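Novice: Pasting a structure here, questions to come.
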Amino acid sequence: MKKLYWWPNMKADIATYVSKCLTCAKVKAEHQKPSGLLVQPEIPEWKWDNITMDIVTKLPKSSQGYDTIWVIVDRLTKSAIFTPIRETDPMSERTIQTLEDMLRACAIDFGKGWVNHLPFGEAQILGPELIQETTEKIIQIK
């Protein structure tokens, strides 16, 4: 169309027209990779045999000084335990210290800290192809 016609702000006008066109939306090619087949997660056999955990932080302090909630959910029954903790709770600090110790045992050259070694573990878990693809998309966005 550029070779035959031109007017000021042509690109923006065409983009606006196409975004409002119902026919264009119906026939537009999908530019996203198919996500693959869904996999049914394994169903636990016993309650509290398989759990998920999350930590909700940055909450207003309670009268007892708690500002964090530790959420533990049983995957079979969907029962949940909500435990109030302090963000600088000794249990949390001990868990972080244990993780750091485990990472130190696995990494010989620690250099600037254990955070620099996380991409290697991520690549092992997710696969280098997915990491590379995500990195390329981030670079494109920047």
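The numbers here are math on the coordinates, done by the rules we state, and not lab data. Quick caveat: nothing in here was measured; it's all calculated off a predicted structure. Every residue, glycine as well, gets a Cβ built from its backbone with ideal geometry; the counts of neighbours run over all protein chains shown.
Novice: Restrict the search to segment 1-99; then list the trypsin sites (Lys or Arg not before Pro) that DSSP places in a loop and that have at most 13 other Cβ atoms within 10 Å of their Cβ.
Specialist: Qualifying residues, ordered by number: 2, 3, 28, 47, 58, 61, 78.
Novice: Indicate the gyration tensor shape class of segment 1-76 (rounded, prolate or oblate), computed on the Cα atoms with a ≥ b ≥ c the square roots of the eigenvalues: a/c under 1.5 is rounded; otherwise a/b larger than b/c is prolate and the rest oblate.
Specialist: In terms of gyration-tensor shape, oblate.
Novice: Determine the gain in length on full extension of the stretch residue 4-residue 26; use 0.36 nm per residue of separation and subtract their C-alpha separation, reporting nm with one decimal.
Specialist: This chain segment gains 5.3 nm when fully extended.
Novice: If you average the C-alpha positions of segment 70-101 and of segment 5-55 separately, how far apart do those two centres end up, in angstrom?
Specialist: Between the Cα centre of segment 70-101 and that of segment 5-55, the gap is 33 Å.
Novice: Taking 7 Å along the Cα-to-C-beta vector as the label spot, tell me the residue 38-residue 59 distance in nanometres, rounded to one decimal.
Specialist: With each label placed 7 Å out from Cα toward Cβ, I get 3.1 nm.
Novice: Sticking with this structure for a sec: Between residue 87 and residue 17, what length comes free when the chain is fully extended (0.36 nm per residue of separation minus the Cα-Cα distance, one decimal in nm)?
Specialist: 20.1 nm
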